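Take a look at the structure set out below.
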Amino acid sequence: MLPMIITSTFVVLVPVIIGVVAAVRKMGMSVQYAPVVAILLGVAAAGGLAGVWDFATILQGVVVGLTASGLFSGVKTTANV
């Protein structure tokens, strides 16, 4: 089980991942790859912060990536309305 400090740090990764994916999209990446990049960044960041590559850390990274992707999509849709 990961300490609560590391788990709460993962929440801070969501806006960071949104910003990195937005920057990569502006450099010319296709929109369809944005969720995949967000998930990969989430897994890489979670593993790097935790220092272990067990199933729980990878799963938390996937959740962080999916959260970033969903939040970006929701805000983009709401802003276009």
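None of the figures in this text is laboratory data; all of them are computed from the coordinates on show. Note that the coordinates shown come from a computational prediction; the quantities given were computed from them, not determined experimentally. Neighbour counts run over all protein chains shown; Cβ positions are idealised from the backbone, glycine included.
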Counted residues, the range 27-42 - those being loosely packed, with under 12 Cβ neighbours inside 10 Å and not in a helix (DSSP H, G or I): 3
Scan of the range 45-63 for residues that are hydrophobic (A, V, I, L, M, F, W, C) and either assigned to a loop (DSSP other than H, G, I, E, B) or more than 18 Å from Ala23 (Cα to Cα) (or both), ordered by number: Ala46, Leu49, Ala50, Val52, Trp53, Phe55, Ala56, Ile58, Leu59, Val62, Val63
Candidates Val24, Val11, Val75, filtered to the one that is surrounded by 12 or more Cβ atoms within 10 Å (Cβ to Cβ) and either touching a Ser or Thr at 6+ places or on another chain (Cβ under 8 Å) or assigned to a helix (DSSP H, G or I) (or both): Val24
The range 27-64, residues that are of a type in the set (Gly, Ala, Ser) and either under 15 Å from Val14 (Cα atoms) or without any contact (Cβ under 8 Å) to a residue 24 or more places away in the chain (or both): Gly28, Ser30, Ala34, Ala38, Gly42, Ala44, Ala45, Ala46, Gly47, Gly48, Gly51, Gly61
